[in-house]
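Beneath this line is the structure, given in structure tokens, with notes to follow.
What follows draws every value from the coordinates through simple rules; no lab data is involved. Since we're looking at a predicted model, the values are computed, not measured. Quick reminder, even Gly has a Cβ in these numbers, built from the backbone with ideal geometry, and neighbours come from all protein chains shown.
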């Protein structure tokens, strides 16, 4: 999970101008969705050992949301080539909520993690 947080942070705060420009419509939205989908699952799986499954899912949603907000603020404060975007927060949240929904639907199968 720590590696995933580092990965998200690095890619969110480095300049992307040095990377090749492959233009796929909406690719940025998919990336945000996937990053926070995975983050929420990793958080929940780690928290299930300390809390019940429902509480773990709620905490994971909140942590992922606030982490995404902090990253967006840092993009505006620490970088000159990245801008905070509300659309990014929206897709971060959609990824997190989708992961939470899947975890909640499959909560009985997650009992082995306790």
Original post:
Against the longest alpha carbon principal axis of the chain, how many degrees, from 0 to 90 and to the nearest 10, is the axis of helix 27-47 turned?
Top reply: 30
**OP:** Would you mind checking the tilt of helix 53-78 against the longest principal axis of the Cα atoms of the chain, expressed as 0 to 90 degrees and rounded to 10?
**Re:** 10
Original post:
How many nm is it between the label spots at residue 1 and residue 34, if each spot is 7 Å from the Cα in line with the beta carbon?
Top reply: 2.3
**OP:** Would you calculate a helix-derived [θ] at 222 nm for the chain, using -39,500 (n - 2.57) for each DSSP H run of n ≥ 4 and dividing by the full residue count, to the nearest 500?
**Re:** -24000 deg cm²/dmol
Subject >> Relative contact order of the chain, defined on C-alpha pairs under 8 angstrom at six or more residues apart (%) >> reply: 37
Subject >> Tilt relative to the chain, helix 86-105 - C-alpha long axis, 0 to 90 degrees, to 10 >> reply: 20
